[in-house]
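For reference, the structure discussed in these notes is given below.
The values are calculated or read from the model by the stated rules, or taken from the named source; none is laboratory data. Quick caveat: nothing in here was measured; it's all calculated off a predicted structure. Ideal geometry is used to build each Cβ from the backbone, glycine not excepted, and the neighbour counts take in all protein chains shown.
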Amino acid sequence: MITERRLDTVDMHINVGPQHPATHGVFRMVLRVDGERIVDCVPYIGYLHRGFEKLAENEEFQEVIIHLDRTDYIAQFNNEFCYLMAVEKLLGVKPPERAEYARIILAELNRIVSHLMFYGAFGGDAGAITPFLYAFRERERLQRLFESVSGARLMHFYFRAGGLKEDLPEGFLEEVRRILPVLKQGIDECDTLLTENEVFLSRTVGIGAISAQEAIDYGCTGPILRACGVREDVRRSDPYSLYPTLDFDVPVGKKGDTFDRYLVRVQEMRESIRIVEQCLDRIPEGPFRTPIPRYPHYRVDPGEVYVHTENPRGDYGIYLISRGGVQPFRVKLRSPCFCNLMALPAMLRDAYVADAVMVLGSLDIVLGEVDR
Amino acid sequence: MADEEQGPAPEQAQEQPQPAAEATAAAEVRPAARPRPGQAPAVPAGQREPPKPEAEALAADLAQAWEGIAFEQRFNFSDLEVTIAPQDVLEACRRCKGDSRLSFDWLMCLSGVDCETHFEVVYHLYSYRDHRRLTIRARLEDRDNPAVASVVSVWKGADWHEREAAEMFGIDFPGHPNLTPLLLEEGVEERPLLKSQPLVPIFADRPGVVQQPEGVP
């Protein structure tokens with residue numbers, strides 16, 4: 001006799017990480033799956049926690065910059081920029097115009113480097129190796145420039161309170177001007193490699209979508225939020241430095257899915273080139289640093305300030321409290337990846353297990369900044 | 001010129017340059033000096049800039065929307081900053097997000113601060129609609145049992161920030177759905193960001209931790 005039997009399913013737990021190539025660092029998530037569908041996701045972070053905030057309280061204002069390079073280690077200039085704006089606000093010092101433009105040029109070039117890194121790694125997540133090589137060819141051009149500026153490839157330690165460590169090297173601006181058209185062409189090439197690739201589209205379009213409302217509620221910022229169609233960029237909405245005088249667009253997506261996040265970043269690279277071009281035309285000769293008494297062991301007036309800037313990964317905030325000494329009293333880092341990662345369970349709900357890697361890749365996390 | 005200036009008080013003039021020269025020399029040789037209380041400037045750092053018109057408008061809106069909630073306000077770097085009691089935090093935050101006059105839909109940052117005499121939890125809010133900022137400061141006077149209601153029910157983004165403040169300072173957030181350690185290893189009893197916690201490796205005496213040999217910088 002044949003009887004009909006109901007199929008009972010039991011949820012299964014899949015552990016991803018902490019050591020896994022798809023996690024872009026040391027990150028662990030436990031997926032609860034029903035068949036191929038993800039029911040729930042629990043992220044675990046902290047594997048790279050180095051106690052940045054505690055270290056910062058025990059070092060001088062200048063020494064803290066070194067640690068900031070190591071938080072988001074793909075966008076070092078942008079991190080230094082944010083922290084030093086906070087210090088300068090408390091000091092009541094304004095950097096000279098040359099330093100401001102130099103900072104913007106370096107920060108925007110760093111944004112391109114960071115997005116190229118994302119582009120290569122994201123292609124790799126989707127199974128395409130070639131884009132990685134193309135992205136790194138372009139990245140290398142910029143890395144050489146950074147090396148000529150600071151002497152280091154990754155940990156630059158180049159911005160200082162009141163300006164820069166030293167003036168830009170001779171011929172740097174001409175070299176940037178020479179490289180920009182090459183870079184533009186390179187980005188266009190990258191664009192044609194992935195953006196209309198059918199396999200890539202089928203792995204990204206409509207995957208891991210999140211609504212604008214939910215993204216704001218979770219505190220998502222940067223390309224994640226703009227992919228949802230929210231035209232928000234700190235450089236525009238709460239402008240700092242000389243950004244109000246520069247002309248650039250804020251690209252946004254429509255659906256807030258993985259593909260839109262990718263597309264927003266590719267367009268942002270082009271906007272960054274536009275910003276750098278304008279800065280090259282305007283950067284004046286002159287001093288590169290405003291003198292500060294007792295530099296580099298300067299005292300900072302008592303007070304507190306919260307400064308946020310638009311980093312490649314989103315809104316990077318520094319809450320700095322000084323009690324009038326040579327060391328900060330408290331430094332809190334509002335890390336964009338930390339907040340974007342909080343929304344990961346919402347993005348993965350009802351997605352397929354195979355898409356988890358793509359969604360995580362589209363967040364472009366840097367664990368050094370998540371864990372601090 | 002220098003001699004003429006030193007003229008009226010020769011004893012002082014001879015003494016004065018020496019400590020100054022010593023101090024600068026010392027600063028060069030020994031850079032990591034302990035912070036000494038600096039002289040208070042004539043104008044506090046936060047008051048150098050006048051308040052923005054938006055911030056003044058916000059203060060007026062806040063007075064209406066926060067009816068029944070006691071708060072102190074001041075302008076810090078041209079933005080509005082208010083201090084409230086911890087028991088009012090949840091209601092104040094609810095109104096900040098829900099009240100149409102305020103509509104602070106984004107919790108930018110939530111930080112715990114150990115002020116040595118008391119704790120503070122600082123909320124930095126931002127309104128995407130009006131593009132304005134507000135800082136809310138909750139003073140937790142009870143140093144032994146610091147607690148403030150969780151605002152995860154208002155902004156989901158408060159989740160990990162509160163977990164971090166809880167493990168780093170020992171601040172309790174009643175109402176939080178899952179107040180477990182986030183960044184630190186399991187079994188850490190210390191509260192690393194307390195000012196009373198010295199900067200030493202927490203796990204130095206654990207088995208398996210390799211000690212740095214003496215003399216290695």
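A few points about this structure:
- Subset of the range A:315-349 (residues that are small (Gly, Ala, Ser) and either surrounded by 24 or more Cβ atoms within 10 Å (Cβ to Cβ) or within 18 Å of A:Asp364 (Cα to Cα) (or both)): A:Gly317, A:Ser322, A:Ser335, A:Ala343, A:Ala346
Residue by residue, here is whether (1) closer than 23 Å to B:Arg139 by Cβ; (2) charged (D, E, K, R) holds:
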{"site": "B:Val43", "(1), (2)": "no, no"}
{"site": "B:Ala70", "(1), (2)": "yes, no"}
{"site": "B:Gln73", "(1), (2)": "yes, no"}
{"site": "B:Asp79", "(1), (2)": "yes, yes"}
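- Flag if A:Ile216 is more than 13 Å from every other protein chain (Cβ to nearest Cβ) and of a type in the set (A, V, I, L, M): no
- Of all residues in the range B:136-195 being buried (at least 21 other Cβ atoms within 10 Å of the Cβ) and acidic (Asp, Glu), the one that is nearest to the other protein chains (Cβ to nearest Cβ): B:Asp159
- The set of residues from the range A:140-173 being among the hydroxyl-bearing types (Ser, Thr, Tyr) and under 21 Å from the mean Cα position of the chain (by Cα) comprises A:Ser150, A:Tyr158.
- Pair list, Cβ < 6 Å and 6+ apart or interchain, from the range A:125-144 residues that are closer than 15 Å to A:Ile179 by Cβ to residues that are surrounded by fewer than 17 Cβ atoms within 10 Å (Cβ to Cβ): A:Gln143/A:Arg153
- Taking the range A:255-372 and the helices (runs of 4 or more DSSP H) fully enclosed by it, the elements with 3 or more residues that are within 14 Å of chain B (Cβ to nearest Cβ) are at A:336-342, A:344-348, A:367-371.
- Selected residue (only one of A:Gly162, A:Gly186, A:Gly208, A:Gly222 is within 14 Å of chain B (Cβ to nearest Cβ) and in contact with an Asp or Glu (Cβ under 8 Å, 6 or more places away or on another chain)): A:Gly222
- Within the range A:12-55, tally of residues that are part of a loop (DSSP other than H, G, I, E, B) and either farther than 25 Å from B:Pro181 by Cβ or touching a His at 6+ places or on another chain (Cβ under 9 Å) (or both): 4
- Close pairs (6 angstrom Cβ cut-off, 6 or more residues apart or separate chains): at positive phi in the range A:272-299, surrounded by 13 or more Cβ atoms within 10 Å (Cβ to Cβ) and not acidic (Asp, Glu) anywhere: A:Gly286/A:Pro96; A:Gly286/A:Arg98
- When we screen A:Leu180, A:Leu133, A:Leu109 for residues that are crowded, with 23+ Cβ neighbours inside 10 Å, within 23 Å of the chain's Cα centre (by Cα) and within 22 Å of A:Glu268 (Cα to Cα), the only hit is A:Leu109.
- Residue match in the range A:235-251 (condition: of a type in the set (Gly, Ala, Ser), under 16 Å from the mean Cα position of the chain (by Cα) and closer than 23 Å to A:Pro336 by Cβ): no
- Residue in the range B:70-84 that is among the small types (Gly, Ala, Ser), more than 14 Å from chain A (Cβ to nearest Cβ) and in contact (Cβ under 8 Å) with a residue 24 or more places away in the chain present: no
- Residue within the range A:350-372 that is under 24 Å from A:Asp167 (Cα atoms), out of contact with any Leu (no Cβ under 9 Å at 6 or more places or on another chain) and touching a residue at least 12 places away in the same chain (Cβ under 8 Å) present: no
- Subset of the range A:282-310 that is closer than 22 Å to A:Asn58 by Cβ, at pLDDT 90 or above and in contact with a Phe, Trp or Tyr (Cβ under 6 Å, 6 or more places away or on another chain) - its residue that is surrounded by the most Cβ atoms within 10 Å (Cβ to Cβ): A:Tyr306
- Checking A:Gly324 against (1) at negative phi; (2) in contact (Cβ under 8 Å) with a residue 12 or more places away in the chain, the condition it does not meet: (1)
- Considering the range B:85-114, the residues that are within 14 Å of chain A (Cβ to nearest Cβ) and assigned to a loop (DSSP other than H, G, I, E, B) include one that is farthest from A:Tyr319 (Cα to Cα), namely B:Ser103.
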